[in-house]
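Data block below; observations after.
The values are calculated or read from the model by the stated rules, or taken from the named source; none is laboratory data. In this text, all values refer to a predicted model and were calculated from it rather than measured experimentally. FYI the Cβ positions are ideal-geometry reconstructions off the backbone, even for glycines, and counts take in every protein chain you see.
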Amino acid sequence: MCGIIGYVGKKKNAIHVLINGLKALEYRGYDSAGIAYMENNKINIIKEQGKIKNLEEKIDFKIKSNLGIGHTRWATHGKPCVINSHPHKVGKITIVHNGIIENYEELKKILIQNGYSFKSETDTEVICALIDKLYNEKNDMIQVLDKCRNLLKGSYALGIINDDQPNTLYAIRKDSPLIIAIGENENYISSDVPAILDYTNKYILLDNNEIAKLTDSKIDIYNINNEIITKKIKTFEWNIEKTLKNGYDHFMLKEINEQPEVIKDTLLPYISNGYKSLLNNMPCFKNYEKIDIVACGSAYHAGLIGKYLIEKYADIPVNVEIASEYRYKKLFINNKTLVIIISQSGETADSLAALRKAKEHNIDTLAIVNVVGSSIAREAKDVLYIKAGCEIAVATTKAYSAQVAMLGLIALNIAKSKKKISNQKIDNFIQDIDTLINEMKKLLKNENYLKIAKNIYNKNNLFFIGRKIDYALAMEGSLKLKEISYIHSEAYPAGELKHGSISLIEEKTPVFAIVTDKSIAEKTISNIKEAKARGAEVILIITDELDREADFYDEKIVIPKINDLFQPLLSIIPLQLISYEVAKLRNCDIDKPRNLAKSVTVE
Ligand code: G6P
């Protein structure tokens, strides 16, 4: 969601760096893009609605520049259009912004009284005018930005250029991500590492309220007291090849296919020595009597799977909540509660706010995160990293699976720490990992997905049903399809369909039915028959142990039975790949679906 890139240096042409960077940030989701670059001590701004290629068509790449900022905008204040796109310029100040300023209307009134006028509907133009006003009063950018951070309420990552300083780039952040990347005689700012990986893997994480001043040869970081501080230089581990498509048509397909490797990488560090490795490298779970899992989107769906696994094996209650609700609701927590926040990006604004709320209540927090060093990873008491690597497609697949795998591992650890599980049983699970990986690989190659996709890709409405853990899977399957193919679908607990929504089932309405849990399978099958009797076209996803020849389904995908902990990691693969094939048949922009952002850094 909104991407920022900035460059200062004489080695490269800023314009090229900005456009390359914006392309690498495309996955975050956007609806317009723009750049500002310094040419002969004068700022030029080019902006365009829609894709970056529209912007590229307006740029003269022969122009040389050594300073610039670029932005992909995901509209929050004001519709997507050229005027509302970033960069914005007021007086001597040009900026790009990611975040939301909550008091911008108040500030705007004051600025209008001071003679400023505004062209756009954005909160960003207000920040720009504010910095210009303060600069006219103080003439010292560090003092100006210091004052600014006291006046702005909300979240922001800002890249800033001042007409008076044609070789300097400023940045400041609060609650929106920004990194400072380090080159030789050149430096960068960026929302995320992929945008600068072509040039360097050395970077500094800018912390909340820090100000950065960058020239080609120097980076000064100022703390809240305006003192220059020394920051740790980090090295990014994911390599550039891993962020390329490697011959796949889409990042999503590549990422789905990476799942066996990702699951292995995520689990192995914790189980290398069988049950004896358990409880090592994990927080101590012994004293918790209740768990709240909080997340958004697919991470929330992973949390629902975690609930089934933890409740089943560790025998403690788990409450799973959507972060945007949790952050505003009354919490029933005490010092025996653990709050687990799940987030691929580690930057989701609502999940971060939920984490902070739990911390305000002095509750222990554990983050399950993919992006190393992200805000949620840094702020939680403990963090467990999944090893999904760089996920580019907006619709998550491999990170979701890795979250599910990590939650299974947590279930085992809690069960062990509470003496609810035998060592033998733990070892049985661990021994199944090789089978899991092999079966995942086989399922990835199943050829029936395209055939099923061809039957449903022109439908307008469909259902996903299941019970217990299969209902949690149905929710993720339904979301995947909606996200990338724009077909409306609903996930329902199979037993609930007849309490209303079955009225929507008509002749040939597709219903995906997931049946992997033996304890409830016959009940689900009764519900499938109810839908079938009303004309549903049933696509059954069933384990081999429950499979049967019958007339209550039209298409069937049989998946191998494995232990409960790993079963969801197999069951989700057909759902991901069918969604992918449907979206492809509908010519959708699979990696960058409309209106969506990979990392939702606003509330
Ligand atoms: C966005 C993405 C989803 C993701 C959700 C939570 O909506 O499009 O794929 O599941 O955010 O993101 P997080 O980074 O916190 O896992």
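A few remarks follow.
- Selection of region 550-603 for residues being farther than 23 Å from Leu304 by Cβ, surrounded by 17 or more Cβ atoms within 10 Å (Cβ to Cβ) and within 16 Å of the ligand (Cβ to nearest atom) yields Ala583, Cys588, Ile590, Asp591, Lys592, Thr601, Val602.
- Set side by side, the residues Asn201, Asn209, Asn185 differ, and just one is out of contact with any Leu (no Cβ under 9 Å at 6 or more places or on another chain) and farther than 19 Å from Val17 by Cα, which is Asn209.
Residues are listed down the side, and each one gets a yes or a no for (1) of a type in the set (Ser, Thr, Tyr); (2) touching a residue at least 24 places away in the same chain (Cβ under 8 Å); (3) crowded, with 17+ Cβ neighbours inside 10 Å; (4) in contact with a Lys or Arg (Cβ under 6 Å, 6 or more places away or on another chain):
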site	(1), (2), (3), (4)
Met252	no, yes, yes, no
Val262	no, yes, yes, yes
Ser272	yes, no, no, no
His301	no, yes, yes, no
Ile305	no, yes, yes, no
Ile310	no, yes, yes, no
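- Val294 being part of a strand (DSSP E or B) and away from the ligand (no atom under 13 Å from the Cβ): no
- Scanning region 368-399 for residues that are over 21 Å from Leu479 (Cβ atoms) and in a strand (DSSP E or B) returns Asp382, Val383, Leu384, Tyr385.
- Residue within region 371-387 that is more than 17 Å from the chain's Cα centre (by Cα) and of a type in the set (Ser, Thr, Tyr) present: no
- Members of region 496-520 that are within 21 Å of Ile572 (Cα to Cα) and crowded, with 17+ Cβ neighbours inside 10 Å: Pro510, Val511, Phe512, Ala513, Ile514, Val515, Thr516, Asp517, Ile520
- Any hit, region 428-436, residues being farther than 16 Å from Ile263 by Cα and not in a loop (DSSP other than H, G, I, E, B): yes
- When region 472-484 is filtered for residues that are surrounded by fewer than 24 Cβ atoms within 10 Å (Cβ to Cβ) and either away from the ligand (no atom under 16 Å from the Cβ) or more than 19 Å from Leu569 (Cβ to Cβ) (or both), the ones remaining, listed by number, are Lys482, Glu483.
- If the condition is being touching a residue at least 40 places away in the same chain (Cβ under 8 Å), within 13 Å of the ligand (Cβ to nearest atom) and either in contact with a His (Cβ under 8 Å, 6 or more places away or on another chain) or not in a loop (DSSP other than H, G, I, E, B) (or both), then region 342-367 contributes Ile342, Ser343, Ala349, Asp350, Ser351, Leu352, Ala353, Ala354, Leu355.
- Qualifying residue in region 578-587 (condition: assigned to a loop (DSSP other than H, G, I, E, B) and farther than 19 Å from Ser298 by Cβ): yes
- Sole residue being within 16 Å of the ligand (Cβ to nearest atom), of a type in the set (S, T, N, Q) and either surrounded by 16 or more Cβ atoms within 10 Å (Cβ to Cβ) or under 30 Å from Val318 (Cβ atoms) (or both), chosen from Gln424, Gln403: Gln403
- Qualifying residue in region 42-59 (condition: away from the ligand (no atom under 16 Å from the Cβ), farther than 18 Å from Ser155 by Cβ, touching a Pro at 6+ places or on another chain (Cβ under 7 Å) and assigned to a strand (DSSP E or B)): yes
- Residue count, region 347-375 (criterion: at pLDDT 95 or above, touching a strand residue (DSSP E or B) at 6+ places or on another chain (Cβ under 6 Å) and either crowded, with 23+ Cβ neighbours inside 10 Å or closer than 23 Å to Ser401 by Cα (or both)): 9
- Candidates Lys532, Lys561: the one that is touching a strand residue (DSSP E or B) at 6+ places or on another chain (Cβ under 8 Å), outside any loop (DSSP other than H, G, I, E, B) and over 30 Å from Ile100 (Cα atoms) is Lys532.
- Residue in region 42-74 that is nearest to the chain's Cα centre (by Cα), counting only those that are among the small types (Gly, Ala, Ser) and closer than 22 Å to Glu186 by Cα: Gly70
- Residues of region 194-235 satisfying the condition of being of a type outside the set (D, E, K, R) and within 14 Å of Tyr7 (Cα to Cα): Ala195, Ile196, Leu197, Tyr199, Thr200, Tyr203, Ala212, Leu214, Thr215, Ser217, Ile219
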